[in-house]
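Accompanying notes for the structure given below.
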């Protein structure tokens, strides 16, 4: 309608075109379901795609699949990965840099269970649920995981229903940051004692032996023992509950708990948009013990596929398919075992440790400074060397920059180290041509005690004296950063997308789909190419 015609219509002139009101906005989804699979490498979903016939198949066939998706930061661990997914911000801005700097909090003890206290007090900024709640205060969230950090960080600092598994006690619990007691539905679920009843349960192969190309007997897996099928939980019920996190049944239990909570809280069945965040951790446990090239991880992904199919069916039955938006992603990938890489022809693969070097540097600083009480001037949390001097070196007249640069030079000389950068130097890097620099810039806050960031050569991994080798992740490498990302449901345009995407894009995209506004400055973008007009 032209401006003149619109004016005539507003004035009621006979014969003028009738005014047409804009089409009403489509109804918002009633439930946003975010599934994060701990250590799910992107290539798992293509490597075994013909055998993934249930949950993964539903999302792949009906969703927007991003084949070049990344956790685009330097320390690819559970805590920073989970914090990025629903905040839309890099670790440099959430300030959750590593697992150690994650959720541990002695002031927030567990309820009815033993284990370390936990809370999101280190998390900075807001997350997607905060935006939902600001738009409609009746919105609710439930976040569930085997791990405390997997449950806590997707919700940010909101005090919602956040629960994780306390293996020492065999129950789902929370901390006093969130509540003073467990609600009736959690107590009733725990009272079933399902983890204890799994004592003696055996895990065998879902498919015939010929369906698995990976060898079953690999001596460097699982600390050199117990590396062949079948596997069985201990016959002692308490030990079974404690070891359950290492078995695929843990994912099944987590999903059952999430479904029970969803029903108790009536998520997705009210006028507001609710959030259900589920983090599944068994792939991480099995991946560490057996590696990404094992028969065990193959079997785990197959079982996870079936569990997800069962879970999605029940969510859709309760809420309705057309009322749900689903996100599937991962917090990080994993690097193969060193022995596996060597046998694949990567002669440069090795375990790297710089603890001895740092001990020597710390001892030298003790002597130079005259302060023998400090001891740990420099500390490393995989990939990040922190300077913990509290300003003492500068106060004593030392040139701190020269000390740090000398340390970086010594670290670069260690076999298996590809580079050791000072955060200030990274600001000059070409972040398109140099993804390693970009990922470290996404990790290190502008003002912090980070002295040096260390990147290992391809196929190398951090290790520690006296600690059995496992398959590890924490590097800004392709193996550790490349993750799956699938959007499914109302407002999503199905297809396979090759454009670059990052996990920090998830929150702004969900904000667009639900019609809410972010309450923080975001690092991610809206994945408009995968959204319906």
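Any read-out appearing in this document is the output of simple, stated calculations on the displayed coordinates, not a laboratory observation. Please read all numbers here as calculations on a predicted model, not as lab measurements. Positions of Cβ are backbone-derived with ideal geometry, glycine not excepted, and every protein chain shown enters the neighbour counts.
In this calculation the C-beta distance from residue 137 to residue 390 is compared with R0 = 41 Å, giving a FRET efficiency of 0.45. From helices alone, the chain scores -9000 deg cm²/dmol at 222 nm; the rule is -39500 (n - 2.57) for each run of n ≥ 4 DSSP H residues, then divide by the residue total. Given their separation in residues at 0.36 nm each and the Cα-Cα distance between them, residue 95 and residue 529 gain 153.3 nm when the chain is fully extended. Which parts of segment 397-413 would a label at residue 427 reach, counting a residue when its backbone N lies under 19 Å from a point 7 Å out along Cα-to-Cβ? Only 400-405 fall inside the zone, counting backbone N under 19 Å. Considering only beta bridges that DSSP places wholly inside the chain, some 50 percent are antiparallel. Let me make sure I get this right: for segment 351-462, a, b and c are the square roots of the gyration tensor eigenvalues over alpha carbons, sorted descending. Under 1.5 in a/c it's rounded, otherwise prolate if a/b > b/c, else oblate. Which is it? It is oblate, given that a/c is not under 1.5 and a/b is not larger than b/c.
Averaged over residues, the count of other Cβ atoms within 10 Å places the peptides 162-170, 316-324 in the sequence 162-170, 316-324, highest first.
In terms of the mean number of neighbouring beta-carbon atoms within 10 Å, the peptides 423-430, 379-386, 441-448 order highest first as 379-386, 441-448, 423-430. For segment 111-262, the relative contact order is 24 percent, taking Cα pairs closer than 8 Å that sit 6 or more residues apart in sequence and dividing their mean separation by the residue count. Between residue 321 and residue 236, the simple label model (points 7 Å from Cα in the Cβ direction) yields a spacing of 4.9 nm.
The stretch between residue 371 and residue 499, if pulled fully straight at 0.36 nm per residue, gains 40.7 nm over its current Cα-Cα span. Net length available on complete extension from residue 191 to residue 362 is 56.4 nm, with 0.36 nm assigned per residue and the Cα-Cα distance removed.
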